[in-house]
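One structure below.
The values are calculated or read from the model by the stated rules, or taken from the named source; none is laboratory data. Everything numeric here is computed off the predicted structure, so don't read it as measured data. Cβ placement follows ideal geometry from the backbone for every residue including glycine, while neighbour counts extend to all protein chains displayed.
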Amino acid sequence: MKYDYDFFVVGAGSGGVRASRIAASLGARVGVAEERYLGGTCVNVGCVPKKLFVYGSHFHEDFQDARGFGWTVEGASFDWPTLRDNKTKEIERLNGIYRNMLGNAGVDIVEGHAELTGPNTVKVGDREITAEHILLAPGGWPFVPEFPGSEHVITSNEVFYLEQFPKRALVVGGGYIAVEFAGILSGLGAETVQAYRGELFLRGFDEAVRLTLKEEMLKKGVDLRFNTNVASIDKKDDGSLDVTFEDGSTLNTDVVLYATGRRPKIDNLGLDKAGVEVNAKGAVVVDDHFRTSVPSIYAVGDVIDRVQLTPVALAEGMALAKYLFGNEPLNVDYDHIPSAVFSQPSIATVGLTEEQARERYADIDVYTSRFRHMKHTLSGRDEKTFMKLLVDKATDKVLGCHMVGADAGEIVQGLAVALKAGATKAIFDSTIGIHPTAAEEFVTMRTPD
Ligand code: NDP
């Protein structure tokens, strides 16, 4: 045979594993190179451990809320090594599942760093591997800007393995990871400050959603500082960190977590040797078929800088494998991608924000609802749930759906199906609610704002 493999995949994360398995199931001879951990960011230092930490940190409030229901919870205390190590055990279990899954599918796992050496060749350690098609799925890596003392900060790679849980923490950034970790650290008991360089965090989300989260996080005691950016950090003899902000204010803290975006992980990937083009952001440039500037080399997932979400990488990897080895037309639909932010309270959203809807449609109706969750009538907690629907007046189509509140992701996933199917507001209205739930509010909003 001309090549060692029909398909050789660089990176066993969400996109790479899915593409490998599907390709192998379609009869291709497949190998996958991984230098770090099976499952990639999502399984190891992303979605999965993050969600486990969110559960862990929420008990803090659950114990408080229990009182109104007659429970006495005395002597509750939190032990970080237990949460950290149980989480790690679970991640190791998942790594094993990934290993078995790839093995059972007949995919060869090649451990080590992979580097392209030509259009059909990859070097892993001393091994030169040839393949008819190569897929780049190396993912992304946390980005930390350079400033005096930037070597003292940690990123989402390290926060999951902290030796000691900090008494005080500073989170820098205003995206998904920053708001999620501000909630986790605060819920687990750290005095938490979140600093964001702009007016209001979660740029790109619906403004009412951003404002609601701000209010709720403030109620929970997270010290939110907007229009604030770090100028420098000094490490003191006692190990604590002296942070100086650009406005001259200072903060002494134990841990500084930078969550200022992720960049495509293309270091030493040999892109130049193979002639693979990257854009100004360092992302691999691909066409409609995930083909790079080198026809035998493809790329999916975070490295192509389209949508940095696991389910999107899965869809891309699957579509590419079916296209290459199953003769299927390549079809990834980027419309109506729902997403959730596991902040506390959580956010979920699908479709357009109000700002986008006003830009694109002549006339829209906005329905909003803000209410106290039934649970908090007895818990006494002053937390509001927020829901919003945006409707095109001309066609009655629901353009966007947003929620801040408990289980937002669980609720909005179903609504994403409705929006993708083109549901109108009339269909929402004719849907019978499930009572008593918070979700039923989405089918009972009758009067536009
Ligand atoms: P995001 O791109 O979401 O946010 C980055 C944040 O850092 C923004 O607030 C940005 O500010 C700020 N920032 C960027 N550069 C600087 C700088 N030089 N100095 C100060 N602040 C800066 O990145 P994240 O790291 O939070 O997450 C990466 C991606 O991972 C997300 O985009 C998301 O797609 C994915 N993810 C998804 C999750 C989910 O689905 N629940 C969870 C976690 C991650 P500004 O807005 O002003 O540019």
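For every residue, the table says whether it meets (1) away from the ligand (no atom under 16 Å from the Cβ); (2) touching a Phe, Trp or Tyr at 6+ places or on another chain (Cβ under 7 Å); (3) touching a residue at least 24 places away in the same chain (Cβ under 8 Å).
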residue: G317; (1), (2), (3): yes, no, yes
residue: K322; (1), (2), (3): yes, no, yes
residue: D335; (1), (2), (3): yes, no, yes
residue: P338; (1), (2), (3): no, no, yes
residue: S369; (1), (2), (3): yes, no, yes
residue: G380; (1), (2), (3): yes, no, yes
residue: A394; (1), (2), (3): yes, no, yes
residue: V398; (1), (2), (3): yes, yes, yes
residue: A421; (1), (2), (3): yes, no, no
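Could you say which residue among G400, G414, G405 is on the phi > 0 side of the Ramachandran plot and at pLDDT 95 or above? Selected residue: G405, the only one of G400, G414, G405 that is on the phi > 0 side of the Ramachandran plot and at pLDDT 95 or above. Residue count for the stretch 257-272 satisfying the condition of being more than 17 Å from F8 (Cα to Cα) and in contact with a Leu (Cβ under 6 Å, 6 or more places away or on another chain): 0. For R360, the criteria (1) under 30 Å from M217 (Cα atoms); (2) more than 26 Å from the chain's Cα centre (by Cα) hold in every case but one, which is (1). Taking first residues from the stretch 431-449 that are closer than 17 Å to T385 by Cα and partners that are assigned to a loop (DSSP other than H, G, I, E, B) and of a type in the set (G, A, S), the Cβ contacts under 6 Å between residues at least 6 apart in sequence or on separate chains come to E440/G433; V443/G433; T444/G433. Checked against (1) in a helix (DSSP H, G or I); (2) free of Cβ contacts under 8 Å to residues at least 60 places away in the same chain; (3) within 30 Å of A66 (Cβ to Cβ); (4) of a type in the set (G, A, S), G409 passes all but condition (2).
Residues that are more than 11 Å from the ligand (Cβ to nearest atom), in contact (Cβ under 8 Å) with a residue 24 or more places away in the chain, part of a helix (DSSP H, G or I) and more than 28 Å from L309 (Cβ to Cβ): does the stretch 219-234 have at least one? Checking the stretch 219-234: at least one residue is more than 11 Å from the ligand (Cβ to nearest atom), in contact (Cβ under 8 Å) with a residue 24 or more places away in the chain, part of a helix (DSSP H, G or I) and more than 28 Å from L309 (Cβ to Cβ).
If the condition is being farther than 12 Å from L389 by Cα and in a helix (DSSP H, G or I), then the stretch 417-428 contributes V417, A418, K420, A426, I427.
For the stretch 334-381, give me each residue that is of a type in the set (F, W, Y) and either exposed (fewer than 14 other Cβ atoms within 10 Å of the Cβ) or out of contact with any Leu (no Cβ under 8 Å at 6 or more places or on another chain) (or both).
Y334, F342, F371
Conditions (1) within 16 Å of the ligand (Cβ to nearest atom); (2) touching a helix residue (DSSP H, G or I) at 6+ places or on another chain (Cβ under 6 Å); (3) within 30 Å of G239 (Cα to Cα); (4) among the β-branched types (V, I, T), marked per residue:
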site: F59; (1), (2), (3), (4): no, no, yes, no
site: D62; (1), (2), (3), (4): no, no, no, no
site: G68; (1), (2), (3), (4): no, yes, no, no
site: V110; (1), (2), (3), (4): no, no, no, yes
site: E146; (1), (2), (3), (4): yes, no, yes, no
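Quick check on the stretch 345-363. Is at least one of its residues touching a helix residue (DSSP H, G or I) at 6+ places or on another chain (Cβ under 9 Å), charged (D, E, K, R), more than 16 Å from the ligand (Cβ to nearest atom) and part of a helix (DSSP H, G or I)?
Taking every residue of the stretch 345-363 in turn, at least one turns out to be touching a helix residue (DSSP H, G or I) at 6+ places or on another chain (Cβ under 9 Å), charged (D, E, K, R), more than 16 Å from the ligand (Cβ to nearest atom) and part of a helix (DSSP H, G or I).
F245 meets each of the listed conditions (1) surrounded by fewer than 21 Cβ atoms within 10 Å (Cβ to Cβ); (2) within 13 Å of the ligand (Cβ to nearest atom); (3) closer than 30 Å to T349 by Cα apart from (3). Tally up the residues in the stretch 393-420 that are of a type in the set (G, A, S) and either touching a helix residue (DSSP H, G or I) at 6+ places or on another chain (Cβ under 9 Å) or surrounded by 20 or more Cβ atoms within 10 Å (Cβ to Cβ) (or both), please. Going through the stretch 393-420 one residue at a time, the tally reaches 6. Could you say whether any residue in the stretch 173-188 is closer than 25 Å to T41 by Cα, touching a helix residue (DSSP H, G or I) at 6+ places or on another chain (Cβ under 6 Å) and surrounded by fewer than 20 Cβ atoms within 10 Å (Cβ to Cβ)? No, that holds for no residue.
For the residues L102, L170, L136, L116, the requirement of being over 19 Å from the mean Cα position of the chain (by Cα), within 14 Å of the ligand (Cβ to nearest atom), at negative phi and surrounded by 20 or more Cβ atoms within 10 Å (Cβ to Cβ) singles out L170.
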